[in-house]
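In what follows, a structure is listed as structure tokens, so that the remarks can point back to it.
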Amino acid sequence: MTGAWLYPGPRDGLLIEEAREWRYECRDGALLEHRPGRGSQVLAAAGDVSRITIVQGDRLPASALLSKRFGVTEHDQAIVVHTDAGPVAAILVRLLGHQGFRTGVEARAAAGVARFAQGFGLPLERDEAAEPFTAPLEQRGPTAARVRRDGRLHLAAIVLCSALWVSYGLLLAGDGAIAERHPVPLVLQAALLLVMTVDLVRRRRRFASLVEDPPDPDGRTVVAGPGPWQVQVGIDDVVVHGAMHEHWVPGPARGGVDHCLAHDDVFAFARGDDPALVVPRAMVDEEGVRRACRSAGIDVERRRGPGIDPETQRRLAAELSGDVTGQTLDGGAVGNGFLFSPFFVSASALLLFATLLDPERRGGTIALALGVVALGVYATNVWLWWTRRRWLRSIRPRGHR
């Protein structure tokens, strides 16, 4: 059976939005893209797709490489959908499948790229052109790109706050009475800290809603695991919801996984012999998985030996230790904006309050307002830290607390 869909690989935290909503679909020969918050968009009408190719890393821009330090690797590749007028979609392959692969061929197989091309009645070709690839390229994913932009805004706010503290120090050294004579830097500081705190609360609420609430099964059979772990198996989709990550792959009705390989250590949902989604046996009930597969028309085949890949092993270790947020340096994905935003905002709030403790300073409306903002910002960030710690304790499986 040919594949009609491309799904993203596993996503963490705020990026779970991509796992649930970002798709490329072949619908009756037309190419559609589904993006979070934007619905569906027709990229090419029925019959317009003329070629689907793989572009290797030596033609991709440096910003698209997996590691600029080590140069081009075989994991640097992109799938490009062409019409006679030119490329209409170009996506890095590593965004579309799990990362537990050793070669570029395995990466394409995990993503189901060749089957997607067959959905259009086309072979998957290697683009042999020599010139650099200059068409727009999806390098991060729609939600990841937005989170990265927001992180840069947090970084800019942190730089501006730091500049305000420098100006405060210079003015204080000059006359020692900045609160009465020069209130502008402290007022701007308080306003920035307040805006950043409101944004952190918004991000953390969104993060909590994604990681704590599994997706609606929508007809899929649910196999519950420890803590928040769930596997949902259906004819349209197979889903793993972990403590902080989620992974979706198309089911048999969408030309996706058509059988499940039962290894000694994992269940691997596969297209042919190519694993697309891997579920550790330690996290699910074996009979429950077999029942769910039968209800979706997915055959279970016994395979001797291990089947776990490095990425799944890393995620499993994080799940069992409860250190799920320690596996990423992406502050945006864990709801922080920039990586150090909560720490900087808390420290700045304490410093702002400390500026009001001068016994020679006369009280006033501005000083009172600054004190209220400083204490409110600090208390809010302490509350965010406490709720994060409580959540991390709650997801640690029993016996590993």
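The values are calculated or read from the model by the stated rules, or taken from the named source; none is laboratory data. Since this is a predicted model, take the numbers as computed values, not measurements. Cβ sites come from the backbone with ideal geometry, for glycine too, and all protein chains shown count toward neighbours. Side chains included, ligands, DNA and RNA excluded: accessible areas come from the protein's heavy atoms. Shrake-Rupley method; radii C 1.70, N 1.55, O 1.52, S 1.80 Å.
Anyone know which of Phe70, Phe338, Phe207 comes out most mobile in the 10 Å Cα GNM of the chain? Largest GNM mean-square fluctuation: Phe70. Ordered from longest to shortest, the equivalent ellipsoid semi-axes for the range 223-318 are 18, 15, 13 Å, each the square root of 5 times a Cα gyration tensor eigenvalue. Dividing the helix sum by the residues of the chain, where each DSSP H run of 4 or more adds -39500 (n - 2.57), gives a mean residue ellipticity at 222 nm of -12500 deg cm²/dmol.
The residues neighbouring Met244, those whose beta-carbon lies less than 11 Å from its own, together hold a net charge of -3 under the Lys/Arg +1, Asp/Glu -1 convention.
The distance linking the range 37-102 with the range 112-131 is 11 Å (Cα centroid to Cα centroid, whole angstrom).
The portion of the accessible surface of the range 185-248 made up by carbon and sulfur, rounded to a whole percent, is 59 (1.4 Å probe; DNA, RNA and ligands excluded). GNM remark for the chain: springs join alpha carbons under 10 Å apart, and the peak mean-square fluctuation among Ala317, Ala262, Ala374 falls on Ala317. For Ala354 and Val382, the difference between the fully extended length at 0.36 nm per residue and the C-alpha to C-alpha distance is 8.3 nm. Other residues whose C-beta falls under 11 angstrom from the C-beta of Arg140 contribute a net charge of +1, scoring Lys and Arg +1 and Asp and Glu -1. The slack in the chain from Ala129 to Asp218, taken as 0.36 nm per residue of separation less the alpha-carbon distance, amounts to 27.6 nm. Panel values: the chain, Kirkwood radius from alpha carbon pairs, Stokes-Einstein at 37 °C and 0.692 mPa s, translational diffusion coefficient 139 µm²/s.
With the simple spin-label model, which puts each label point 7 Å out from Cα in the Cβ direction, the Glu311 to Leu66 separation comes to 1.0 nm.
Each Lys and Arg contributes +1 and each Asp and Glu -1, all at the Cβ; summed about the Cα centre of the chain, the dipole is approximately 1140 debye.
For the range 72-167, the spherically averaged projection of the C-alpha convex hull amounts to 9.5 nm².
Here the mean projected area of the convex hull built on the C-alpha positions of the range 114-270 is 17.4 nm². Computed from label points 7 Å out along Cα-Cβ, the spacing between Arg291 and Ser40 is 3.4 nm.
Atom-type composition of the exposed protein surface of the range 95-168 places 57 percent of the accessible area on carbon and sulfur (1.4 angstrom probe).
Per residue, the accessible area of the chain comes to 47 Å², computed with a 1.4 Å probe over protein heavy atoms only. Taking other residues whose beta carbon is less than 13 angstrom from the beta carbon of His263, and scoring Lys, Arg as +1 and Asp, Glu as -1, yields -2.
In the assembled protein chains, Ile395 presents an accessible area of approximately 10 Å² (probe radius 1.4 Å).
Ligands, DNA and RNA aside, Asp273 has an accessible area near 110 Å² when probed at 1.4 Å. Nonpolar atom fraction for the range 20-94, defined as the carbon and sulfur part of the 1.4 Å probe accessible area, stands at 48 percent.
Axis of helix 286-295 versus longest Cα principal axis of the chain: the two differ by about 60°, to the nearest ten degrees. Principal-axis analysis of the Cα atoms of the chain puts helix 184-212 at an angle of about 30° to the longest axis.
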